[in-house]
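Quick notes on the structure that follows.
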Amino acid sequence: MALKPWREIAVPHDDVLKGTFQQAEFAADISKVHQGIATPEYQDAELFFQRTFITEGMRLLLDSVVKRIAGRGGDPVVQLQTAFGGGKTHTLLSVYHLAKGEKHSSKLQGVSKILDDASISELPKAKVAVLDGVELLDMASKPRVYGKTTIKTIWGELAWQLGGADAFAKIKEADADGTAPGKSALADILASASPCIVLIHVFTGSADVPDDWQLRLVVLAPEATFSRASQSAAIDAATTILKTRGDQPRQKQNRLIFLAPDADSMSRLKDQVTSVLAWKSIVDDVKEGRLNLDVHQSKLAGHSHDQASEALGRMMRETYKWLLAPLQEAKPSKGIGDLQWDHFQINPAAVNRTEEIEKVLREHELLITEWAPIHLAKMLQAWFWKEDQPAVSAVEAWQKTCCYLYLPRLKDDLVMRNTIGAGVSSRDFFGIAYGEEEGRYQGFHFGEQTTVIFDDALLLVEPPAAAKFADLLAKEQAERDVKAKGDAGGQGAGARGGAGAGAGVGGGGETGGSGSGGAGGDTPPKTPAAKKTVFFGQVELDPVKAKLQFSEVAEEVLMLFTSKPGVKVKVSLEIQAEAATGFDESTQRAVLENCNQLKFKNHGFEE
């Protein structure tokens with residue numbers, strides 16, 4: 001019996017079948033659901049529960065939630081702790097849809113049994129507030145605006161979601177000052193909105209640290225202190241940020257360095273902050289007319305505030321002085337070791353802390369700002385070149401150094417670019433090419449100086465493979481030279497024979513005259529050729545191979561001009577694209593944005 005294709009048994013989503021799948025669009029995002037802009041699989045409660053398997057842990061939580069909403073017990077506070085991919089967001093969404101009550105419980109697959117087991121016939125609707133730590137991180141600098149109301153704090157957002165303007169009015173002053181409201185005010189708001197559910201998601205320090213190719217110094221929170229005797233608080237906090245971004249695993253771990261506060265100095269720092277805030281409060285009260293001081297007292301308060309602020313700066317430098325750098329030791333034959341942390345003290349008196357931090361990291365080889373080609377070759381030999389893969393992508397090698405803690409930590413991609421440029425003229429380190437087709441390297445260079453174009457096409461070729469291909473090119477060139485000499489020899493003989501015959505005929509035919517045209521006549525001086533001062537060239541590129549072909553033009557033509565002093569070179573690129581059916585809006589938007597970013601002089605779409 002023939003087996004059916006798997007697609008007929010487990011039919012993929014339409015976006016997968018159509019090739020328009022975007023993984024980010026299928027990631028659960030409770031903020032988007034709360035805003036009403038999520039995909040139907042998450043936005044629609046009925047569809048959500050159709051696609052949700054209610055695990056035992058989720059069932060117990062929902063049982064507690066329905067009892068609490070119905071006033072029959074249940075836990076008032078529940079903290080979800082699961083591993084990566086453990087379903088925290090999915091669980092929160094199940095609570096969200098259940099509490100909102102936008103669809104009757106009978107239409108929510110698996111929910112009716114939970115209500116029956118709890119002896120609840122009908123579940124009251126609850127007000128739901130969603131506080132997403134990632135979404136609300138920038139509230140201090142970018143307040144949320146609802147009509148005429150501006151909200152600057154998380155508790156202000158909580159009040160607004162639960163009770164609108166009336167609830168926000170109860171903590172309006174605390175929101176404006178950025179101070180925590182009283183316990184009674186929050187209790188009053190929650191009681192007025194009862195029954196209500198507050199879902200707090202991903203409030204961690206790792207959420208606001210981007211996971212990209214940029215090298216970053218992460219300043220740890222005040223409670224994440226460090227000392228030689230007690231390192232756990234700082235190491236634990238740094239490890240969490242290093243391994244995760246929100247509830248997702250971090251990929252570019254080798255781009256983070258951490259700055260931790262000193263445990264013994266933290267109490268003095270907090271005291272100094274308190275002093276600054278106290279003097280600031282007095283100064284602000286005088287300015288706003290809430291406190292009546294004479295001129296002398298006002299100046300004294302301002303001077304004390306300035307002194308306290310200056311002392312705070314010094315105390316900050318003295319407290320945040322521990323540099324923490326993650327690393328792993330690894331050998332190709334022995335595997336990768338455990339995560340380790342190196343720590344160093346920063347000189348608090350350093351004028352430029354950024355330069356001081358970079359200096360410390362360089363001295364301990366934890367940050368590479370200049371790299372010798374031999375070190376790049378050793379890294380490639382150890383981790384990238386294989387017997388069946390003698391060429392690797394240069395960009396991929398750079399990106400891997402950003403991810404793995406056992407590889408060198410480069411300051412930026414310019415370090416890799418410069419290293420390749422320094423080593424390309426030698427046969428000891430690597431060859432380079434700009435693609436490989438049918439077993440042949442395109443734009444190949446080995447042991448010769450050339451301008452390196454660091455892009456996705458650039459390959460780094462292992463020396464033995466590069467030498468073998470270079471020998472093949474030399475052999476092919478020699479064969480072409482021999483063939484060319486043979487062709488030129490035959491053509492030359494014919495040309496010489498023709499010239500002799502012509503001379504004989506001409507000589508015999510001459511009977512007199514001045515002989516100015518004869519072989520023995522005076523040869524007139526040649527007019528000097530005019531100097532060529534301007535060059536112009538135009539070439540059409542294959543759109544598919546444009547990157548490779550442009551690199552060849554740059555090396556074989558442009559470099560002949562740019563390498564000579566005093567030569568002015570101007571290069572322009574013209575692109576024309578036509579689509580019979582027209583360009584969609586997303587393509588137009590992307591092209592225009594990229595053209596602006598790349599500073600195109602003229603660009604646009606026409607009908």
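The values are calculated or read from the model by the stated rules, or taken from the named source; none is laboratory data. These numbers were taken from a predicted model, which means no experiment stands behind them. When we count neighbours, we look across all protein chains shown, and the Cβ atoms used for this are built from the backbone with ideal geometry, even at glycine. Ligands, DNA and RNA are stripped out before the accessible areas are found, and what is left, the full protein with its side chains, is counted by its heavy atoms. Shrake-Rupley method; radii C 1.70, N 1.55, O 1.52, S 1.80 Å.
If you scan the range 127-167, which residues turn out to be out of contact with any strand residue (DSSP E or B) (no Cβ under 9 Å at 6 or more places or on another chain), under 18 Å from K32 (Cβ atoms) and among the hydrophobic types (A, V, I, L, M, F, W, C)?
L137 - this is the single residue of the range 127-167 that is out of contact with any strand residue (DSSP E or B) (no Cβ under 9 Å at 6 or more places or on another chain), under 18 Å from K32 (Cβ atoms) and among the hydrophobic types (A, V, I, L, M, F, W, C).
Only residues that are surrounded by 13 or more Cβ atoms within 10 Å (Cβ to Cβ) and part of a helix (DSSP H, G or I): list them for the range 282-305, please.
I282, V283, D284, D285, V286, Q297, S298, L300, A301, G302, S304, H305
Restricting to the range 439-458, count the residues that are under 17 Å from A377 (Cβ atoms) and either touching a Phe, Trp or Tyr at 6+ places or on another chain (Cβ under 7 Å) or small (G, A, S) (or both).
The number of residues fulfilling the criteria is 2.
Okay, residues lined up against (1) in contact with a Ser or Thr (Cβ under 9 Å, 6 or more places away or on another chain); (2) surrounded by fewer than 20 Cβ atoms within 10 Å (Cβ to Cβ):
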{"site": "A159", "(1), (2)": "no, no"}
{"site": "A180", "(1), (2)": "yes, yes"}
{"site": "I189", "(1), (2)": "no, no"}
{"site": "S230", "(1), (2)": "no, yes"}
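Filter the range 161-178 down to the residues that are open to solvent by less than 70 Å² (accessible area, probe 1.4 Å) and in contact (Cβ under 8 Å) with a residue 12 or more places away in the chain and list them by number.
Across the range 161-178, the qualifying residues are Q161, L162, G163, A165, A167, F168, I171, A174, D175, A176, G178.
Could you give me the residue pairs with C-beta distances under 7 Å whose first residue belongs to the range 252-265 and is assigned to a strand (DSSP E or B) and at pLDDT 95 or above, whose second residue is open to solvent by 10 Å² or more (accessible area, probe 1.4 Å) and among the basic types (K, R) wherever it lies, and which are 6+ apart or on separate chains?
L256/R216; D262/K321
Quick check, is L190 in a helix (DSSP H, G or I) and farther than 17 Å from D63 by Cα?
yes
Run L217 past the list (1) out of contact with any helix residue (DSSP H, G or I) (no Cβ under 7 Å at 6 or more places or on another chain); (2) farther than 16 Å from C403 by Cβ; (3) open to solvent by 60 Å² or more (accessible area, probe 1.4 Å) and report the number of the one that doesn't hold.
Answer for L217: the failing condition is (1).
Can you confirm whether A238 is assigned to a helix (DSSP H, G or I), open to solvent by less than 20 Å² (accessible area, probe 1.4 Å) and modelled with pLDDT of 95 or more?
yes
Select from the range 413-438 the residues that are in contact with a helix residue (DSSP H, G or I) (Cβ under 9 Å, 6 or more places away or on another chain) and surrounded by fewer than 16 Cβ atoms within 10 Å (Cβ to Cβ) and list them in ascending order.
R427, D428, listed by residue number.
Among residues belonging to the range 241-251 that are out of contact with any Cys (no Cβ under 8 Å at 6 or more places or on another chain), of a type outside the set (V, I, T) and touching a residue at least 60 places away in the same chain (Cβ under 8 Å), point out the one that is surrounded by the most Cβ atoms within 10 Å (Cβ to Cβ).
L242
Could you please give the count of residues in the range 124-171 that are in contact with a His (Cβ under 9 Å, 6 or more places away or on another chain), part of a helix (DSSP H, G or I) and hydrophobic (A, V, I, L, M, F, W, C)?
0
Kindly provide the set of residues from the range 585-607 that are surrounded by 10 or more Cβ atoms within 10 Å (Cβ to Cβ) and not hydroxyl-bearing (S, T, Y), ordered by number. Working first, answer last.
Just the residues of the range 585-607 that are surrounded by 10 or more Cβ atoms within 10 Å (Cβ to Cβ), to begin with: 587-596, 600, 603, 605.
Of everything in the range 585-607, those that are surrounded by 10 or more Cβ atoms within 10 Å (Cβ to Cβ) and not hydroxyl-bearing (S, T, Y) turn out to be Q588, R589, A590, V591, L592, E593, N594, C595, N596, F600, H603, F605.
Per-residue answers, yes or no, for (1) in contact (Cβ under 8 Å) with a residue 40 or more places away in the chain; (2) open to solvent by less than 50 Å² (accessible area, probe 1.4 Å); (3) not in a strand (DSSP E or B):
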site	(1), (2), (3)
A325	yes, yes, no
S333	no, no, yes
H343	yes, no, no
E355	no, no, yes
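With respect to G147, is the statement that it is touching a residue at least 60 places away in the same chain (Cβ under 8 Å), at positive phi and not polar (S, T, N, Q) true? If you could, list the steps in order and put the result at the bottom.
Numbers: touching a residue at least 60 places away in the same chain (Cβ under 8 Å): no; at positive phi: yes; not polar (S, T, N, Q): yes.
For G147, the condition - touching a residue at least 60 places away in the same chain (Cβ under 8 Å), at positive phi and not polar (S, T, N, Q) - is not met.
Determine whether the range 431-453 contains at least one residue that is of a type in the set (S, T, Y), part of a strand (DSSP E or B) and within 33 Å of the chain's Cα centre (by Cα). First the steps, then the outcome.
Within the range 431-453, the first condition is being of a type in the set (S, T, Y), and the residues that meet it are 434, 441, 450-451.
Applying the additional criterion that residues be part of a strand (DSSP E or B) yields 441.
Among the residues that remain, those that are also within 33 Å of the chain's Cα centre (by Cα) are: 441.
Scanning the range 431-453 turns up at least one residue that is of a type in the set (S, T, Y), part of a strand (DSSP E or B) and within 33 Å of the chain's Cα centre (by Cα).
Considering only residues that are open to solvent by 30 Å² or more (accessible area, probe 1.4 Å), assigned to a strand (DSSP E or B) and hydroxyl-bearing (S, T, Y), which ones fall in the range 306-323?
If the condition is that a residue be open to solvent by 30 Å² or more (accessible area, probe 1.4 Å), assigned to a strand (DSSP E or B) and hydroxyl-bearing (S, T, Y), then no residue fits.
Right, D271: free of Cβ contacts under 8 Å to residues at least 40 places away in the same chain and over 30 Å from L80 (Cβ atoms) or not?
It is true that D271 is free of Cβ contacts under 8 Å to residues at least 40 places away in the same chain and over 30 Å from L80 (Cβ atoms).
Here are the criteria: (1) more than 29 Å from P408 (Cβ to Cβ); (2) open to solvent by 40 Å² or more (accessible area, probe 1.4 Å). Tell me which single one E329 does not satisfy.
(1)
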